[in-house]
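Participant: Mind having a look at this structure? Questions to follow.
Taken together, the values in this text are just the output of simple stated rules run on the coordinates, not laboratory data. Small disclaimer: the values here were computed from a predicted structure and weren't measured. Using ideal geometry, Cβ is built from the backbone for each residue, glycine included, and neighbour counts are taken over all protein chains shown.
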Amino acid sequence: MKSKKVQISGVGEVLLERSRRAKHMSLSIRPFRGVRVAVPRGVSFAEAEKFLHSKTGWIKKHLEKMASVEKQAEVLKKSKPIDKVAAQKYLTERLDELCKQNGFKYNRVFVKNQKTRWGSCSNKNNINLNVNLMRLPGELIDYIILHELVHTQIKDHSNRFWEELNKFVKDPKGLDKKLRQYTLG
């Protein structure tokens, strides 16, 4: 059996799903998808269900947050569309300002409507920014741009990366946490 759905009191339906890649059981909660336990080979669904019951408190806490994220996503879907030309102009100008202020250089910039990322930096130092950044507060737009600019120098999320980002942004981990309250819908 590849998967099994179980009902957990106070949580609702949970998907137990066999995973070839999983080394250990892992629990995830995704907007509009719900709760899932990845079950590695050699672990029974009964063991996975026991694991699930041991995590009920954690699940309930995070389901509340997820409900808030889902509600926000619904609001975003109903909000007016973003002017892509204006977004391209604003984000590119802001990127250039932050580069000048902080001594960064990048290769090219692309503003796209991405589904999973607010921004990214390629190995060639091309910066990709999501048009939906325009729905965020200014401090988070700047945080994401500076985050990607630091990636022009440090390509990973090591401690060194966060220390470097901290030179340009106050409390980057706090801003990262704040950003998670927003969803790309």
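Participant: At R0 = 41 Å, how high is the FRET efficiency between LYS173 and SER3 if r is their beta carbon distance? Nearest 0.05 is fine.
Facilitator: Plugging the Cβ-Cβ distance into 1/(1 + (r/R0)^6) gives 0.70.
Participant: Another question, if that's okay. For PHE110, what residues show an amide H to amide H distance below 5 Å, using hydrogens built from the backbone and excluding near sequence neighbours?
Facilitator: ILE127, ASN128, LEU129
Participant: Dipole of the chain, Cα-centred, from +1 at each Lys and Arg C-beta and -1 at each Asp and Glu C-beta, to the nearest 20 debye? Mind dumping the intermediate values first?
Facilitator: On the way: 39 positive and 19 negative charges, 151 e Å.
With only Lys, Arg, Asp and Glu charged at Cβ, the dipole is about 720 debye.
Participant: Which part of the range 148-185 falls in the paramagnetic zone of VAL109, meaning amide N under 19 Å from the point 7 Å along Cα-to-beta-carbon?
Facilitator: Once the point is set 7 Å along Cα→Cβ of VAL109, 148-154, 168-169 turn out to lie under 19 Å by backbone N, inside the range 148-185.
Participant: Moving to a separate point now. Evaluate the charge dipole of the range 62-169 about its Cα centre and quote only its size in Debye, nearest 20, assuming +1 on the Cβ of each Lys and Arg and -1 on the Cβ of each Asp and Glu.
Facilitator: Details: 19 positive and 13 negative charges, 90 e Å.
Its charge dipole is roughly 440 debye.
Participant: Let me ask something else. How far is helix 45-54 tilted, in degrees, relative to the longest principal axis of the Cα atoms in the chain, given as a value from 0 to 90 rounded to the nearest 10?
Facilitator: 70
Participant: Sort MET25, MET1 so that the residue with the fewest other Cβ atoms within 10 Å of its own Cβ comes first and the one with the most comes last. Intermediate values should be presented prior to the final figure.
Facilitator: On the way: MET25 18, MET1 6.
Fewest-to-most Cβ neighbours within 10 Å comes out as MET1, MET25.
Participant: Then there is this: Could you tell me the ratio Rg/Rh of the range 3-78? Both radii from Cα atoms, Rh via Kirkwood. Let's see the in-between values first.
Facilitator: On the way: Rg = 13.4 Å, Rh = 13.1 Å.
The Rg/Rh ratio comes out at 1.03.
Participant: For a label point 7 angstrom out from the Cα of SER26 toward its Cβ, which stretches of the range 38-58 have the backbone nitrogen within less than 16 Å?
Facilitator: Residues 38-41 qualify, since their backbone N sits under 16 Å from the label point.
Participant: Once every DSSP H run of n ≥ 4 in the chain is given -39500 (n - 2.57) and the sum is divided by its residues, what mean residue ellipticity at 222 nm do you get, rounded to the nearest 500 deg cm²/dmol?
Facilitator: Details: 6 runs with 82 residues, N = 185.
Result for the chain, helices only: -14000 deg cm²/dmol.
Participant: So, one more: So for the chain, averaging the separation of alpha carbon pairs under 8 Å that are six or more residues apart and normalising by length, what relative contact order in percent results?
Facilitator: Working: 228 pairs, mean separation 27.6, N = 185.
Computed value for the chain: 15 percent relative contact order.
Participant: Using 0.36 nm per residue of separation minus the Cα-Cα distance, give me the extension gain between ARG117 and MET134 in nm, one decimal.
Facilitator: Working: separation 17, 0.36 × 17 = 6.12 nm, distance 1.36 nm.
Taking 0.36 nm per residue and subtracting the Cα distance, the gain is 4.8 nm.
Participant: Would you mind ranking VAL11, VAL150 by Cβ crowding within 10 Å, fewest neighbours first?
Facilitator: VAL11, VAL150
Participant: Of TRP118, VAL39, ALA73, whose Cα points farthest to the positive end of the dipole of the chain (charges on the beta-carbon: +1 Lys, Arg; -1 Asp, Glu; origin at the Cα centre)?
Facilitator: VAL39
Participant: Still on this structure: Using Cα atoms only, what is the angle between the long axis of helix 56-78 and the major principal axis of the chain, expressed in degrees (0 to 90) to the nearest 10?
Facilitator: Relative to the chain, helix 56-78 is tipped by roughly 50 degrees.
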